[in-house]
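A.B. asks: This is the structure, below, for whatever I ask next.
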Number of protein chains: 2
Amino acid sequence: MDSMAWVEPHEKKSTFTQVKVPTITSPKGFTASGLHAGIKRKRKDLGMIYCEVPAAAAVVYTTNAFQAAPLVVTQDGMKVDGYMQAILVNSGKANACTGEPGLQDAYQMRQSIATEMGLPAYRVGIASTGVIGERIPMEPLTRAVPTLVEQLGKEGGDPFSQSILTTDTGVKVVEVRFFIDGKEVRISGVAKGSGMIHPNMATMLAFMTTDAVIEPSLLQTLLREVTDETYNMITVDGDSSTNDMVVAMASGMAGHRNLTPEHEDWLTFQQAFAFVSKELARMIARDGEGATRLVEVEVKGARTLKEARQAAKTVVGSSLVKTAVYGADPNWGRILSAIGYSDATVVPSHTRVWLGDVVVVDGGTSAIYDEKLARKALEQSVVQIKVDLGAGKERATAWGCDLTYDYVRINASYRT
Amino acid sequence: MDSMAWVEPHEKKSTFTQVKVPTITSPKGFTASGLHAGIKRKRKDLGMIYCEVPAAAAVVYTTNAFQAAPLVVTQDGMKVDGYMQAILVNSGKANACTGEPGLQDAYQMRQSIATEMGLPAYRVGIASTGVIGERIPMEPLTRAVPTLVEQLGKEGGDPFSQSILTTDTGVKVVEVRFFIDGKEVRISGVAKGSGMIHPNMATMLAFMTTDAVIEPSLLQTLLREVTDETYNMITVDGDSSTNDMVVAMASGMAGHRNLTPEHEDWLTFQQAFAFVSKELARMIARDGEGATRLVEVEVKGARTLKEARQAAKTVVGSSLVKTAVYGADPNWGRILSAIGYSDATVVPSHTRVWLGDVVVVDGGTSAIYDEKLARKALEQSVVQIKVDLGAGKERATAWGCDLTYDYVRINASYRT
């Protein structure tokens, strides 16, 4: 009971397979494309995902008070019937804080796809990422739309993944496969995000596709729940953006019976969906601007789930913890200090901290440990910090990265 | 009314004089000393302030759940009658998260001064700053106490100021003088703090001395109010520490009538006291680890005072704003984004942002401005960011610094 080992909770075995070469177009019904339209100087900057049938859709949006124009437009369209058939995404300019003209640009983006594809405008979602406050050059964008549509295809997943990147160092794609009613179901996801990343969405975009059969409202509930324990548990720099959006689209082409919580394979779907979300979230944290290491903070012994999440996010977000990880300095005092100001209930006499498997804090004060082993735990590419608050039974995990010289370099000169 | 100029509120003219060579021992009754006891390798690490009479005292403490041992001991003593006669401070080790042995060390520190000075133990305050989780080497500390006491004197202000520093690049001292009932009154303050600095106290210590005549309870109320608008409005890295403490001691030797809010010079005293606090707070922010610039964020047009403070602190604490200031990049989108996630009420169509005197945002979107002038505003040693939220009448100011390569360097290798 009172051993010094971190005890994992009992978890149901996963019933899905992760695909080695994932692509967003793998689920039945989906195609995609991506190209360089001329919004950025050289790299791909415009992409789209298309579903051959209206897809049951779910979307979560940033809570930032300055919500960017594309979010307003997408929300507007989603009100109609919860189905989405295409989503157009640009990088380079965020179309945030651009006032009424920016909003008109966003509606025009939506219309350009609707017209080209012969779809009702409300079935088209749009998303943008890039510099805040600058308008999107609409002329090159609209000129590129016919080509973008022409290039739609199963092989378009990779160009799409590239087209949504900003300071990201690479594409982020995950795919899993599993069976429901004996039919194969696929869930794929692609994300972007590197800076301005913080809970309650992040400067991040994620798009998930599946051929599962599910109603929009249920998909929405699931997406919101899963977002709270995945995308909303990552932080790079504590800055939440104006443009965050996660979109899930389900084509319903896998051919199984409609998924509801009463379906015997509901848990399988839920787990697979959460897995894709979590892996994308981890990839975003791992690719944090300038980061050299992924930091995973697991908290247990919390009084409430909210406090568990708050404590985990505070530790992973602390600049002093982040720099200590960068320097591989097992300065556990910074971890305790962060817990201490997280507002989570802590019982110091029952608090323990592990770096990897090394117990460095026991009873709120230094444990006897091997400094070399503790340092080694911080030199891993995935650094694991585990905390037992000693105050209850709830658990949560948050993901972040170290704070390095390159973070400063990237952000001191982002626009120049 | 709707001009693009930032309008300052009407303020009462200050009725105090700032001293050019300030010292903590200037108010009547106070002496101090500071020396190298051997807690740090070379630099001064032990200091004390002494008042020849019991001084009316007020103290505010960190809200961190892991409150360091010296705070527990000082709080314990202050319960008795609210008077303090001596305070002993060490740097190098914070004596935080050191468990029961650390608490015993703290009581022993207090007793060493009480014995040496012939004072009741409860009249002695103690404070510590430095690495969390490491115990203070008590043998060299107690051995140094007789010398520390012997060296007490009016000229001891400077060695004291030095003895409390950690990563600070210099001492922080402020002094003002003014008249009450025709008698000269002095208020001096000395502070330390550079990293782990964030509202609701910071890794900071501040000690204020005055010869004003005032009751402990009233001084306590004043200190708490002033702390909320000064020390609690600074942030370096978002990390609140285990050891923060601000102590104010009033010897009552200036010879005027007892100060109460009914006294005709109460406002004079209040203003002078707030000025010393604000200047020390600014000095701490200016000396933030690795900082090259002080950043001052003024918010007006807030719905409530709390929201004004929250918005100002969020902008000044944003890593992306901080790196943009370092790079002198007038990337106002980051400022709007920070306001947007601060949870303060914002009316985008009435939101304005100034960099220095340059309006860069008007109505929640880009104003027409000269990029060169905006950049110049960010190249000042004191960078002024002003925001009108357009939602009400409340105002607040927060202070911070830029985020530089040196912040990372200092904190990646703090203990090594």
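A.B. asks: Within segment B:367-398, track down each residue that is of a type in the set (D, E, K, R) and more than 14 Å from chain A (Cβ to nearest Cβ). Spell out how you get there, then give the answer.
C.D. replies: So the first thing to find is which residues in segment B:367-398 are of a type in the set (D, E, K, R), and the list is B:370-372, B:375-376, B:379, B:386, B:388, B:393-395.
Scanning segment B:367-398 gives B:370, B:376, B:386, B:388, B:393, B:394, B:395.
A.B. asks: For segment A:353-398, what are the residues that are in contact (Cβ under 8 Å) with a residue 60 or more places away in the chain, open to solvent by 10 Å² or more (accessible area, probe 1.4 Å) and closer than 22 Å to residue A:292 by Cβ?
C.D. replies: Scanning segment A:353-398 gives A:357, A:380, A:381, A:382, A:384, A:386, A:397.
A.B. asks: Same structure again: Could we say that residue A:276 is buried (at least 24 other Cβ atoms within 10 Å of the Cβ), in contact with a strand residue (DSSP E or B) (Cβ under 7 Å, 6 or more places away or on another chain) and within 14 Å of another protein chain (Cβ to nearest Cβ) here? Give the steps one after another, and end with the answer.
C.D. replies: Values: buried (at least 24 other Cβ atoms within 10 Å of the Cβ): yes; in contact with a strand residue (DSSP E or B) (Cβ under 7 Å, 6 or more places away or on another chain): yes; within 14 Å of another protein chain (Cβ to nearest Cβ): no.
Taking the combined requirement at face value, the residue does not satisfy it.
A.B. asks: Looking only at segment A:175-213, filter to residues that are open to solvent by 10 Å² or more (accessible area, probe 1.4 Å) and at pLDDT 90 or above; which one of those is nearest to residue A:253 (Cα to Cα)?
C.D. replies: A:213
A.B. asks: Ok, one more. Considering only residues that are at the interface with chain A (Cβ under 7 Å from one of its Cβ atoms) and buried (at least 20 other Cβ atoms within 10 Å of the Cβ), look in segment B:399-413 and name the one that is farthest from the chain's Cα centre (by Cα). I'd like the intermediate steps shown before the answer.
C.D. replies: First, the residues of segment B:399-413 that are at the interface with chain A (Cβ under 7 Å from one of its Cβ atoms): B:403-405, B:408, B:411-413.
Among the residues that remain, those that are also buried (at least 20 other Cβ atoms within 10 Å of the Cβ) are: B:403-404, B:408, B:411-412.
Numbers: B:403: 19, B:404: 22, B:408: 23, B:411: 21, B:412: 25 Å.
Only one residue tops the list, namely B:412.
A.B. asks: Now a separate question. Considering only segment B:148-183, how many residues are more than 19 Å from residue B:127 (Cβ to Cβ) and acidic (Asp, Glu)?
C.D. replies: 4
A.B. asks: Okay, next question. Basic (Lys, Arg), more than 22 Å from residue A:178 (Cα to Cα) and in contact with a helix residue (DSSP H, G or I) (Cβ under 7 Å, 6 or more places away or on another chain), is that true of residue A:79? Spell out how you get there, then give the answer.
C.D. replies: Details: basic (Lys, Arg): yes; more than 22 Å from residue A:178 (Cα to Cα): yes; in contact with a helix residue (DSSP H, G or I) (Cβ under 7 Å, 6 or more places away or on another chain): no.
When the stated conditions are applied, residue A:79 does not pass them.
A.B. asks: Listed residues A:323, A:292, A:268; which is within 14 Å of chain B (Cβ to nearest Cβ), open to solvent by 10 Å² or more (accessible area, probe 1.4 Å), over 13 Å from residue A:229 (Cα atoms) and not in a strand (DSSP E or B)? Spell out the reasoning first.
C.D. replies: Working: A:323 fails: open to solvent by 10 Å² or more (accessible area, probe 1.4 Å); A:268 fails: within 14 Å of chain B (Cβ to nearest Cβ).
That would be A:292, the only listed residue that is within 14 Å of chain B (Cβ to nearest Cβ), open to solvent by 10 Å² or more (accessible area, probe 1.4 Å), over 13 Å from residue A:229 (Cα atoms) and not in a strand (DSSP E or B).
A.B. asks: If we keep just the residues of segment B:326-352 that are β-branched (Val, Ile, Thr) and buried (at least 21 other Cβ atoms within 10 Å of the Cβ), which is nearest to the other protein chains (Cβ to nearest Cβ)?
C.D. replies: Filtering segment B:326-352 for residues β-branched (Val, Ile, Thr) gives B:335, B:339, B:345-347, B:351.
With the extra rule that they be buried (at least 21 other Cβ atoms within 10 Å of the Cβ), the set shrinks to B:335, B:339, B:346, B:351.
Details: B:335: 9, B:339: 7, B:346: 5, B:351: 8 Å.
Applying the filter and picking the extreme gives B:346.
A.B. asks: Any idea which residue in segment B:90-113 is least open to solvent (accessible area, probe 1.4 Å), counting only those that are over 25 Å from residue B:167 (Cβ atoms) and at the interface with another protein chain (Cβ under 10 Å from one of its Cβ atoms)? Steps first, answer last, please.
C.D. replies: Looking only at segment B:90-113, we keep the residues that are over 25 Å from residue B:167 (Cβ atoms), and these are B:99-101, B:103-104, B:107-108, B:110-113.
The next check asks that each one be at the interface with another protein chain (Cβ under 10 Å from one of its Cβ atoms); those that pass are B:99-101.
Working: B:99: 38, B:100: 108, B:101: 61 Å².
The qualifying residue least open to solvent (accessible area, probe 1.4 Å) is B:99.
The values are calculated or read from the model by the stated rules, or taken from the named source; none is laboratory data. This structure is a prediction, so every number in the text was calculated from the model and none was measured. Counting neighbours? That spans all protein chains shown, and the Cβs are built from the backbone with ideal geometry, glycine included. Just so you know, the surface numbers come from the protein's heavy atoms only, side chains and all, with ligands and any DNA or RNA stripped out. Shrake-Rupley method; radii C 1.70, N 1.55, O 1.52, S 1.80 Å.
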